[in-house]
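S.K.: For reference, the structure I am asking about is given below.
The values are calculated or read from the model by the stated rules, or taken from the named source; none is laboratory data. Being a predicted model, the structure only gives us computed values, none of them experimental. Glycine also receives a Cβ, built like all others from the backbone with ideal geometry; neighbour counts cover every protein chain displayed. SASA here: full protein model, heavy atoms, side chains in, ligands and nucleic acids out. Shrake-Rupley method; radii C 1.70, N 1.55, O 1.52, S 1.80 Å.
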Amino acid sequence: MKLGIIGAGYVGLTTGICLANLNHKIIIYDNNNEKNEKIKNKKMPFYEKGLQPILEKTISSGNLEVTDNVDYMVKNTNGSFVCVGTPTKENNSIDLSQVLDAIKSLAQSIKNNQKKDYVIIIRSTVIPNTTKQKILPILQEIIGKTSFRLCVIPEFLREGQAFED
């Protein structure tokens with residue numbers, strides 16, 4: 001399968017490396033060029049037990065690729081995971097700005113590239129009904145109602161134990 005991942009943070013990169021290790025073709029999009037260069041040079045930007053040698057293997061095999069171009073990712077994949085941050089605001093509510101920005105960029109690229117049946121997988125930490133009430137309306141407005149598939153896979157990784165989990 002050819003899958004994209006938006007966000008090369010803990011959840012996104014760990015998910016990407018594990019899927020690439022299962023022989024899926026993975027393209028990770030991140031707008032942090034310093035992080036992208038580290039990954040391209042087979043260096044983990046954070047510690048996760050057991051992932052460094054698998055990163056090296058998946059980059060060398062061509063199963064894992066990193067880009068700062070969302071259009072390139074969308075053109076070359078059949079679906080994408082959205083794995084961006086959801087920090088807590090001062091009032092203890094969830095800050096969805098990174099998720100909503102990622103969805104807008106992804107939706108515009110899907111539309112521009114005329115992708116049909118593109119799969120969008122929300123893997124960021126969001127509270128129940130966020131996908132239906134906040135994300136779905138943005139996708140429908142930009143793409144239309146029938147050109148994509150949307151699903152949620154809750155994030156459950158424990159830092160330092162993600163590969164083992």
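S.K.: For the chain, what ratio Rg/Rh do Cα atoms give with a Kirkwood hydrodynamic radius?
M.R.: Working: Rg = 15.3 Å, Rh = 16.0 Å.
Using Cα coordinates only, the ratio equals 0.96.
S.K.: Can you give the charge dipole size of region 32-165 about its Cα centre, rounded to the nearest 20 debye, using +1 on the beta carbon of Lys and Arg and -1 on the beta carbon of Asp and Glu?
M.R.: Values: 19 positive and 16 negative charges, 84 e Å.
Magnitude of the dipole: close to 400 debye.
S.K.: I need to check one value: relative contact order of region 61-155, counting alpha carbon pairs closer than 8 Å and at least 6 residues apart, in percent.
M.R.: On the way: 122 pairs, mean separation 29.3, N = 95.
Result for region 61-155 is 31 percent.
S.K.: Using the Cβ atoms and a cut-off under 11 Å, what net charge is assigned to the surroundings of residue 147, where Lys and Arg are +1 and Asp and Glu are -1?
M.R.: Cβ neighbours under 11 Å give a net charge of +4.
S.K.: Moving to a separate point now. Among the listed pairs 25/75; 115/145; 75/111; 25/104, give every one whose C-alpha distance is greater than 19 Å.
M.R.: 25/104
S.K.: Right, something else. How are the alpha carbon pair distances in region 1-52 distributed across 5 Å bins from zero to the largest one, expressed in percent?
M.R.: Spelled out per bin, shortest first, that is 5, 21, 34, 28, 11, 1.
S.K.: Less than 13 Å Cβ to Cβ from residue 27, Lys/Arg counted +1 and Asp/Glu -1: what total charge do the surrounding residues give?
M.R.: Once positives and negatives cancel, what remains is 0.
S.K.: Now for a different question. Ignoring any ligand, DNA or RNA, what whole percent of the accessible area of region 14-109 comes from carbon and sulfur when the probe is 1.4 angstrom?
M.R.: Working: 2190 of 4860 Å².
Solvent-exposed carbon and sulfur of region 14-109 make up 45 percent of the total.
S.K.: Please identify the trypsin sites (Lys or Arg not before Pro) of region 81-143 that satisfy two criteria: DSSP loop assignment and at most 11 other Cβ atoms within 10 Å. Which are they?
M.R.: Of the trypsin sites (Lys or Arg not before Pro), the ones in loops of region 81-143 whose Cβ has at most 11 other Cβ atoms within 10 Å are 89, 116.
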